[in-house]
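**Student:** One structure follows; several queries about it will come next.
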Amino acid sequence: MITESPIDALSFRQLEAASQQIPPTMYVATCGTLSASLQEELCALFQRTQEQYQQVFLAFDSDQAGVKMTEQVASLLQEEGIDYHVIPLPSGHKDWNEVIQHEQMEQARQRAHHQLLAFKQTAPEQSLLKDLGIASAAS
């Protein structure tokens with residue numbers, strides 16, 4: 001699994017864990033650059049993946065830099081004759097960290113909604129506010 005940044009690799013891993021589909025996976029982050037030495041290291045890694053019948057997945061950001069990185073790494077893979085899969089981000093997200101933040105916010109919103117629905121209202125005549133003299137019971 002090749003991502004643009006380490007946080008994206010970690011976020012993608014967490015998303016995989018949530019779906020309970022965690023095959024043994026090596027995560028590699030390019031840190032937004034594709035230097036000559038990184039290209040050599042990637043090509044060596046690609047050869048090992050091919051020898052061991054493993055798959056290569058690209059999961060870069062959806063911005064212009066991520067699209068460019070996807071094209072560059074895909075070109076390296078094609079030169080080596082190695083199959084690969086591009087994992088697209090869900091629509092409207094820039095990177096995998098944003099996806100996980102969105103999911104966490106949605107889960108928190110749902111928990112708050114369920115707590116609100118479970119909240120039992122107290123009649124004014126039984127209210128702590130009445131006992132404190134702050135509110136009076138309706139007559």
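**Student:** Residue 61 fails exactly one of the following numbered conditions: (1) surrounded by 15 or more Cβ atoms within 10 Å (Cβ to Cβ); (2) in contact (Cβ under 8 Å) with a residue 60 or more places away in the chain. What is the number of that condition?
**Tutor:** It is condition (2) that residue 61 fails.
**Student:** Kindly establish whether residue 13 is among the basic types (Lys, Arg), surrounded by 14 or more Cβ atoms within 10 Å (Cβ to Cβ) and without any contact (Cβ under 8 Å) to a residue 24 or more places away in the chain.
**Tutor:** Yes, satisfied.
Listed here are the residues, each with its yes/no results for (1) more than 18 Å from residue 31 (Cβ to Cβ); (2) exposed (fewer than 13 other Cβ atoms within 10 Å of the Cβ).
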residue	(1), (2)
69	no, no
75	yes, yes
90	yes, yes
95	no, no
101	yes, no
111	yes, yes
117	yes, yes
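**Student:** Could you name every one of the helices (runs of 4 or more DSSP H) located completely within segment 6-95 that has at least 1 residues being more than 18 Å from the chain's Cα centre (by Cα)?
**Tutor:** 36-51, 64-79
Here, each number is a calculation from the coordinates, and none is a lab measurement. Since this is a predicted model, take the numbers as computed values, not measurements. Please note: Cβ atoms are built from the backbone with ideal geometry, for glycine as well, and neighbour counts cover all protein chains shown.
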